[in-house]
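Comments concern the structure below.
Read the figures in this text as sums done on the coordinates, not as results from a lab. None of the values given here were measured: they were computed from a predicted structure. Here the Cβ is made from the backbone with ideal geometry for all residues, glycine too, and neighbour counts use every protein chain on show.
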């Protein structure tokens, strides 16, 4: 047991933070608030409610757990684990600060569901367990993008393009689900995406620089190939 803890002690970083985060979030939800800032845009009214998106919305939980577990127990590159961990910790800490300083909520949930089926029953359960408060920025969006970026940047995942594509598809579906289930406003999604991009630029500077240089290098290669062809004519 001690050998196991010693081998994977780096995983205690994210575990310890998760416990602290849950305690602070629970405390935040229990505090009386005199007034919330309602988050809403005209685009929210254009998005219809669709209960079938509850599937990718709930898949966010095993997606999070599986990705973190992979970086703790299976990925030998600890630097990549710390990149993901500190990125998640920074984004979730910013979320807590925003929620404490700027209490916010949404009023998008339908009073009556357009259909009655198993999926709407699960959505009804979700509405009962999850309050429509403290939604900005969307943690569902931020964490999904942070995890996908970590998998896309992971060296060992280059051998598994199918997993990376599935991660991208699931991430997109999770982001869409937050809006189609009326759990988040478009503003929450935009803020969560912006926060994830900031985290990527900050914690993955080598990847972001490579991505910015790639189009330039391709243009140079294309220019050289063009000159070579012209010279041979």
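How would you order 27-35, 39-47 from highest to lowest mean count of nearby Cβ atoms within 10 Å? Intermediate values should be presented prior to the final figure.
Numbers: 27-35: 9.4, 39-47: 13.1.
Sorting 27-35, 39-47 by mean packing, highest first, produces 39-47, 27-35.
Specify whether the C-alpha gyration tensor of region 98-195 places it in the rounded, prolate or oblate class, a ≥ b ≥ c being the square roots of the eigenvalues: rounded for a/c under 1.5, otherwise prolate if a/b is larger than b/c and oblate if not.
Details: a/c = 3.04, a/b = 1.50, b/c = 2.02.
Oblate is the answer for region 98-195, as a/c is 1.5 or above yet b/c matches or exceeds a/b.
Taking the Cβ-Cβ separation of residue 122 and residue 37 as r and a Förster radius of 25 Å, what is the calculated FRET efficiency to the nearest 0.05?
Values: r = 29 Å, r/R0 = 1.15.
It comes out at approximately 0.30.
Using label points projected 7 Å from each Cα along Cα→Cβ, tell me how many nm separate residue 45 and residue 201, to one decimal.
It works out to 3.3 nm between the two label points.
What is the order of 51, 155, fewest Cβ neighbours within 10 Å to most?
Details: 51 21, 155 11.
Result, fewest neighbours first: 155, 51.
Starting from the Cα gyration tensor of region 31-158, take the square roots of the eigenvalues, sort them a ≥ b ≥ c, and report rounded, prolate or oblate (rounded when a/c is under 1.5, otherwise prolate if a/b is larger than b/c, else oblate). All intermediate terms of the calculation are to be shown ahead of the outcome.
On the way: a/c = 2.51, a/b = 1.53, b/c = 1.64.
Verdict is oblate for region 31-158.
Kindly rank 174-186, 79-91 from highest to lowest mean number of other beta carbons found within 10 Å of each residue.
Taking the mean over residues of other Cβ atoms within 10 Å, the ranking is 174-186, 79-91.
Relative to the longest principal axis of the C-alpha atoms of the chain, give the angle of the C-alpha long axis of helix 205-232, reported between 0 and 90° and rounded to the nearest 10°.
40 degrees
Note down the nm distance, to one decimal, between modelled labels 7 Å out along Cα→Cβ at residue 133 and at residue 152.
The two pseudo-label positions are separated by 3.5 nm.
Compute the long axis of helix 78-101 from its Cα atoms, compare it with the longest principal axis of the Cα atoms of the chain, and write down the angle in degrees, 0 to 90, nearest 10.
40 degrees
Note the angle between two axes, namely the Cα long axis of helix 139-153 and the longest principal axis of the Cα atoms of the chain, as a number of degrees from 0 to 90, rounded to the nearest 10.
The helix 139-153 is inclined about 20 degrees to the chain.
What's the FRET efficiency of residue 159 with residue 107 using the Cβ-Cβ distance as r and R₀ = 35 Å, to the nearest 0.05?
On the way: r = 47 Å, r/R0 = 1.33.
Efficiency, from the Cβ-Cβ distance: 0.15.
What value, in deg cm²/dmol to 500, does the helix sum -39500 (n - 2.57) over DSSP H runs of n ≥ 4 give at 222 nm once divided by the residues of the chain?
On the way: 10 runs with 163 residues, N = 233.
Mean residue ellipticity, 222 nm, calculated: -23500 deg cm²/dmol.
Quote to one decimal, in nm, the extra length available between residue 2 and residue 172 on full extension: 0.36 nm per residue of separation minus the C-alpha distance between them.
Details: separation 170, 0.36 × 170 = 61.20 nm, distance 4.01 nm.
Roughly 57.2 nm would be gained on extension.
Sort 161-170, 119-128 by the packing proxy (mean of other Cβ within 10 Å over each peptide's residues), most packed first. Can you show the working numbers first?
Details: 161-170: 13.1, 119-128: 14.8.
Top of the packing list down: 119-128, 161-170.
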